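Below is one structure, written out as structure tokens; comments come after it.
The values are calculated or read from the model by the stated rules, or taken from the named source; none is laboratory data. None of the values given here were measured: they were computed from a predicted structure. Methodologically, a virtual Cβ is constructed for each residue, glycine included, from the backbone with ideal geometry; neighbour enumeration extends over all protein chains shown. All accessible areas refer to the heavy atoms of the entire protein, side chains included, with ligands and DNA or RNA removed. Shrake-Rupley method; radii C 1.70, N 1.55, O 1.52, S 1.80 Å.
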Amino acid sequence: MTDNSPDPALLAKAETLTEALPYLQRYAGATFVVKYGGHAMGSPQRQRGFAEDVVLLKAVGINPVVVHGGGPQIGAMLGKLGVESRFVDGLRVTDAATAQVAEMVLSGAINKELVGWIGEAGGRAIGLSGKDGGFVRATKIARTARDPDSHIERAVDLGFVGDPETIDRRVIDTVSAAGMIPVVAPIGIGPAGETFNINADTMAGALAAALGAARLFLLTDVAGVLDKQGSLLTDLTPADIQALKADGTISGGMIPKLDTCVHAVEGGVDAAVILDGRVPHAMLLEIFTRRGAGTLVHR
């Protein structure tokens, strides 16, 4: 007698699609801004998987907008050129020569590589920087540092490092409406036409707020926000974050990432998520399953 029962593996796939259905319905037509970090990029296999996930989002009616980083790649290129890097509060001090290298690496090599991966996965992507169409106007960042001897706060000149001041969303809207996926390098244009290097998390958060995105995803090389026992915190509000900062649970490089998430949700984004970009399909798990995969920040 022939066994006509369904293949368990195929049945599991069908159940996964059924679980995803309410999320597909909820997010149809929504915009997701995805920051793909330099550390999360990793191997070609990882980049291919990320590209496939982005193409899938577009195919099911979501409008993904990719903002990529590239700090490690910029550092490597500066090293090859014999240019020493200096950082203040995690931001690279950027003189005119360093700004040229940053723009070359970000708007050139990395941006076009991601566009290529998305194309290979069956999508249509277009590479942009904030200078294209002048859609990201930037202003110079002002920072201070405390002198270790006098304890006096002194101004620190970071050079051509900027913050987004205004974003003209028409460029992104036009690209998305044409069925293409925008891939944005974190470069802005200053009031005198100068090039500003912008932190990729900051760029993604500002873009998500300007677009009224349903989700901001920060893909990085950590699982998310961990408590003092090392367990993942999956659900946080801005008030929770303030308390975790105060008791020392959140520190170091996680602080600016969470600040970006808070600014985004306070700017109108429904929620922001910090995810481990090294985990295969982490973004799809976060979006389309009940359990999720990272730390979600919401109002």
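When you scan the range 247-263, how many residues do you find that are in a helix (DSSP H, G or I), open to solvent by less than 60 Å² (accessible area, probe 1.4 Å) and not charged (D, E, K, R)?
Qualifying residue count for the region: 6.
Can we say Val171 is β-branched (Val, Ile, Thr) and in a helix (DSSP H, G or I)?
Judged against the criteria, Val171 is a match.
If Thr260 passes every condition in (1) in contact with a Gly (Cβ under 6 Å, 6 or more places away or on another chain); (2) at pLDDT below 90; (3) of a type outside the set (A, V, I, L, M, F, W, C) but one, which one does it miss?
Single failed check for Thr260: (2).
Conditions (1) surrounded by 13 or more Cβ atoms within 10 Å (Cβ to Cβ); (2) within 24 Å of Val65 (Cα to Cα); (3) under 19 Å from the mean Cα position of the chain (by Cα); (4) at pLDDT 80 or above, marked per residue:
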site: Ala102; (1), (2), (3), (4): yes, yes, yes, yes
site: Ser107; (1), (2), (3), (4): yes, yes, yes, yes
site: Asn111; (1), (2), (3), (4): yes, yes, yes, yes
site: Trp117; (1), (2), (3), (4): yes, yes, yes, yes
site: Gly133; (1), (2), (3), (4): yes, yes, no, yes
site: Arg146; (1), (2), (3), (4): no, no, no, no
site: Asp149; (1), (2), (3), (4): no, no, no, no
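Only one of (1) buried (at least 22 other Cβ atoms within 10 Å of the Cβ); (2) in contact (Cβ under 8 Å) with a residue 40 or more places away in the chain; (3) hydrophobic (A, V, I, L, M, F, W, C) fails for Ile74. Which number is that?
Single failed check for Ile74: (2).
Are any residues in the range 79-100 at pLDDT 85 or above and either in contact with a Cys (Cβ under 8 Å, 6 or more places away or on another chain) or open to solvent by less than 30 Å² (accessible area, probe 1.4 Å) (or both), and if so, which ones?
Within the range 79-100, Thr98, Ala99 meet the criteria.
Provide a single number: the residues in the range 264-275 that are open to solvent by 20 Å² or more (accessible area, probe 1.4 Å) and either without any contact (Cβ under 8 Å) to a residue 40 or more places away in the chain or in contact with a strand residue (DSSP E or B) (Cβ under 9 Å, 6 or more places away or on another chain) (or both).
Of the residues in that region, 2 qualify.
Give me the residue from the range 175-234 that is hydroxyl-bearing (Ser, Thr, Tyr) and in contact (Cβ under 8 Å) with a residue 40 or more places away in the chain and, out of that set, farthest from Phe288 (Cα to Cα).
The extreme case among them is Thr195.
Anything in the range 27-49 that is within 20 Å of Ala272 (Cβ to Cβ) and at pLDDT 90 or above? List them, or say none.
Answer for the range 27-49, where residues must be within 20 Å of Ala272 (Cβ to Cβ) and at pLDDT 90 or above: Tyr27, Gly29, Ala30, Thr31, Phe32, Val33, Val34, Lys35, Tyr36.
Which ones in the range 151-170 are at pLDDT below 95 and open to solvent by less than 40 Å² (accessible area, probe 1.4 Å)?
Those that are at pLDDT below 95 and open to solvent by less than 40 Å² (accessible area, probe 1.4 Å): Val156, Leu158, Gly159, Val161, Gly162.
Find the residue count for the range 119-131, including only residues that are under 18 Å from Met203 (Cα atoms) and open to solvent by 40 Å² or more (accessible area, probe 1.4 Å).
2
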